[in-house]
Amino acid sequence: MKLSTPARISVGIVAAFAVAVGVLLAVNSGGSEAQPPNVTNDRLVRADSHKLGTAADGKATFVEFLDFECESCRAAYPAVEQLRKDYAGKVTFVVRYFPIPSHFNAERAARAVEAAAGQGKFEQMYQRMYETQSEWGEQQVPADERFRGYAKDLGLDLTAYDKAYQDPATLERIKKDVADGEALGVTGTPTFFLNGQKLQPQSAQDLVASIDAALK
């Protein structure tokens, strides 16, 4: 597929996304028949949704429902990071939590990221989770103290972090994202939406093509 000129995808994106896309399609294929049409309501992007970059013109909004313990999300992470660089200032990138119940530490990881967000460190903790996933993912041992160590490394006020991490409101915030995802037809992670349309990418180039089309 020939890439359009506004942004060229790197070989690194192709390689990283290729690892994730097979699992992504397998997980989400079961829900494809029930895929909702374009969604423009606040279930997709709420006022309190976390944004990793904003486009002033609001022409394109890319939303990812993710699970920090999901290996496919980790594999797609470099590709998404590259998209953020390539489309900085042109696309609004939104992150929504969708921890899978079978992932022992997924909800804990989301709570840690949300607790860090309360001190302005959402992006840093979001990145740390993926960078270290191999150290704590796919284990049946609570990673609370490990995540607290990340908070310390980031220079967070640990008293405030602990309070937020244990606060029921933090978990409710995460569950709100999950409920929105389920209402939108999300059945696995990562799941991407662009301007309200649920994407079914076969490759990283498909994401680029979709974004380029939205920006025309």
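Listed peptides 141-152, 104-115, 170-181 appear in the order 104-115, 170-181, 141-152 once ranked by packing, highest mean of other Cβ atoms within 10 Å at the front.
Compute the FRET efficiency between ALA213 and GLU135 as 1/(1 + (r/R0)^6), taking r as their Cβ-Cβ distance and R0 = 41 Å, and round to the nearest 0.05. Can you show the working numbers first?
On the way: r = 39 Å, r/R0 = 0.94.
In this case the efficiency is close to 0.60.
Taking only Cα atoms of the stretch 129-216, what ratio of Rg to Rh do you get with Rh as the Kirkwood inverse-distance radius? Using Cα coordinates only, the ratio equals 1.08. Between GLU182 and PHE104, the distance separating the two model label sites (each 7 Å from Cα on the Cα→Cβ line) works out to 2.4 nm.
Taken along the Cα-to-beta-carbon direction at a fixed 7 Å, the label points for LEU171 and THR159 span 2.5 nm.
Pairwise Cα distances in the stretch 47-142 exceed 24 Å in 21 percent of cases.
No lab work stands behind these numbers, since they all come straight from the coordinates. None of these values were measured; they are calculated from a predicted model. Because the Cβ atoms are built from the backbone with ideal geometry, glycine has one as well, and the counts that use them run over all protein chains shown.
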